[in-house]
1. I'd like the orientation of helix 123-147 relative to the chain: the angle between its Cα long axis and the longest Cα principal axis, in ° from 0 to 90, rounded to 10.
2. Bin by bin, in steps of 10 Å, what percent of the Cα pairs in segment 131-209 do you find, going until the bin that has the longest distance?
3. May I ask you to work out the translational diffusion coefficient for segment 17-98 at 10 °C, viscosity 1.306 mPa s, via Stokes-Einstein with Rh from the Kirkwood sum over Cα pairs, reported in whole µm²/s?
4. List the equivalent ellipsoid semi-axes of the chain in whole Å, largest first, each obtained as the square root of 5λ for an eigenvalue λ of the Cα gyration tensor.
5. Once amide H atoms are placed 1.01 Å from N in the peptide plane, what residues at a sequence separation of 5 or more from A177, or on another chain, have their amide H within under 5 Å of its amide H?
6. Per residue of segment 13-18, in order, report the coupling 6.51 cos²θ - 1.76 cosθ + 1.60 (Karplus, θ = phi - 60°) as ³J(HN,Hα) in whole Hz, putting x for Gly and Pro.
7. Can you spot the lysines whose alpha carbon is less than 28 Å from K20's alpha carbon? Ignore those fewer than 8 places along the same chain.
8. Convex hull volume of the Cα atoms in segment 54-151, per residue, in Å³?
Amino acid sequence: MKLIDALNWRYAAKRMNGNKIPAEKLNTILDAARLAPSSFGLTPYNIIVVEDEETRKKLLPHFYNQPQITESSAVIIFATWNTITENEVANYMAEIAEQRSMPVEGLKDFANYINGSIKNLTPEQLQIWAAKQTYIALGFALVAAATEEVDATPMEGFVPAGVDEVLGLTEAGLHSAVAITLGYRDAASDYLVNAKKVRRDHAKLIIKK
Ligand SMILES: Cc1cc2nc3c(=O)[nH]c(=O)nc-3n(C[C@H](O)[C@H](O)[C@H](O)COP(=O)(O)O)c2cc1C
């Protein structure tokens, strides 16, 4: 499927049929999220994959009982780091040095630049900034799911504290920001399955200057 056809095909499925996604499709979608850009490349989040049925049942009430949680094949949670300090920046520099086979000392200016940018942000501002990065990964995963012909419902209709507790995210230094359910639409029960996609047309959306 061409990209635009895939994007027209996709919709935020409200009901899924419980069928499993093949592992390689799930990996492709996760890889697309992994390849998403982030500010400075810091990627201040982790991606939690929940396939286990019991865990998804525990998540259900924290997602206001949205049926996709248990009818999907996997729930993907994008969880931001609770702290972003010079330590996290140093870890990132070590990662660049390793992956590009270069001395970490050569990254001093870059590290100082990032540290200078984050040091004046309050913890709340850092959280908002980190959450924005997760939405880029979310977008990449949604596009990849569409091209793989896997249904994907983006979700922020959940109680982060409840999700964090079920998944032990606080202990891991994480905080849930946004989620996707991946699976296959249930054409028989989803009232939106044949609904026309509603978007503002080019003339209304795009402003040319
Ligand atoms: C960040 C975000 C959060 C959303 N949260 C939910 C949600 O919790 N539950 C749900 O069923 N749909 C959710 N949606 C789906 C939107 O309602 C849907 O994408 C929008 O109406 C456009 O329709 P379409 O994606 O089917 O084309 C969310 C979408 C986004 C981008």
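None of the figures in this text is laboratory data; all of them are computed from the coordinates on show. Here the structure is a predicted model, which means the values were calculated and not measured. Methodologically, a virtual Cβ is constructed for each residue, glycine included, from the backbone with ideal geometry; neighbour enumeration extends over all protein chains shown.
1. Helix 123-147 sits at roughly 50 degrees to that axis.
2. 15, 32, 35, 15, 4
3. Result for D is 107 µm²/s.
4. One finds semi-axes of 33, 21, 17 Å for the chain.
5. Amide H neighbours of A177, under 5 Å, 5+ apart: F78, A79, T80.
6. So the Karplus estimates, Gly and Pro as x, are 4, 8, 10, 10, 9, x Hz.
7. Answer for K20, where 28 Å is the Cα cut-off: K2, K57, K58, K196, K197, listed by chain and number.
8. 150 Å³
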